[in-house]
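First up is the structure itself, then whatever we jot down about it.
None of the figures in this text is laboratory data; all of them are computed from the coordinates on show. Keep in mind that what you see is a predicted model, and the values were worked out from it rather than measured. Ideal geometry is used to build each Cβ from the backbone, glycine not excepted, and the neighbour counts take in all protein chains shown.
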Amino acid sequence: MDLLILWRGRPGWFYRNGSAGVGSSGFSRDSGGWTRGRVSQHRDYGNVTIGFDADFDAETVKIDDAVLAIDRFNTIVVDAVDEPQSRQITSRRRTASRLPLIGEPNLELARRSPELLADLRCDVTMPALPPMPQPPVITVCEKLSAR
């Protein structure tokens, strides 16, 4: 089973406070015999924290306080991630997941899914970013426009 969570906020939200995902982050994966397992990931972008806890045996994912069944969909859009009081899940759907074994899965999904491509909002202009000591984040939209 696969799961794609698209975290959207104001342009450049992931660079707030001079951070591009630098800081505390966590990832865990647990699985036992005959199970599909659990996956949890949380990441800080400046003062913005995003994260999920997925239980693939129970076919659920927890984002903030919402527990969602993922038996009929594998793509979730979360808006206003940089505004904790306004954050909301705005879309859930099934996105075709048959991907080649090589390449970048998110890039291939964007190429194959008009809905996901629309969700990415590649037409939104990113703000000019100050020079930063860590490597820049290269978005799927930038990769799509480069080809």
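Stretched out straight at 0.36 nm per residue, the stretch from residue 85 to residue 71 would grow longer than its current Cα-Cα span by 2.2 nm.
Simple spin-label estimate for residue 123 and residue 96 gives 2.4 nm between the two label positions (7 Å along the Cα-to-Cβ direction from each Cα).
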